[in-house]
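Values quoted throughout were computed directly from the atomic coordinates according to the rules given, and no laboratory measurement underlies them. Bear in mind the structure is a predicted one, so any value in this text is a computation, not a measurement. Cβ coordinates were reconstructed from backbone atoms using ideal geometry, including for glycine residues, and neighbour counts include every protein chain displayed.
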Amino acid sequence: MNSSMGSAARDHGSARAELESLYERELATVHGFLVARCGSVHLAEDLTAEVFINAARHFGQGRGTEVTTGWLITAAKRRLVDHWRSAERERRRLGQLRLERPRHDHVADNDDDRVLRALRSLSDRQRFALTMRYLDEYSVTEIAEAMEVGYTTAESLLGRARRSFAQALKELP
């Protein structure tokens, strides 16, 4: 084996080890970030996998140093936004405007669980707007930009989401 092939193999092995280390360190962070925002463990798992596949591509292209915790969280946020946009387009295309009610495999009786259940009862758009506002601390302007709507529309959506969330909390045991 010539020296350039040996060096390439070492570089590949090093990049793989760095990626594996990153995955072990940051998996729970990325997955937790997504679960808190989408309310579905299964969806969060799928999106987390997509985020790390994207990270692997960066490592494969020799750009692994770009992949930080912040990079992963930003990628996760983008994946979630893409998912919600795609779901919204699909609902419009099929003409189905109904609230999805999640399945609850097991639900503990505590406040955190009540909040998650109330969030899950909201439409994707409402849940997205509320989590961006109160978990990510986005301004209404930033929410409008992320959702590709006008400021007034985002403000109105937030108002409806707050009312729906409050009502959902009242109705939960």
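When Lys and Arg each count +1 and Asp and Glu each count -1, what net charge do the other residues less than 14 Å away from Leu22, Cβ to Cβ, add up to?
-1
Where Lys and Arg each count +1 and Asp and Glu each count -1, what net charge lies around Phe52 among other residues with Cβ under 12 Å from its Cβ?
-3
May I ask for the net charge around Val140, where only other residues with Cβ less than 12 Å from the Cβ of Val140 are counted and Lys, Arg are +1 while Asp, Glu are -1?
-3
Given a Förster distance of 30 Å, report the FRET efficiency between Gln61 and Glu20 from their Cβ-Cβ distance, rounded to the nearest 0.05.
So, using R0 = 30 Å, E works out to roughly 0.95.
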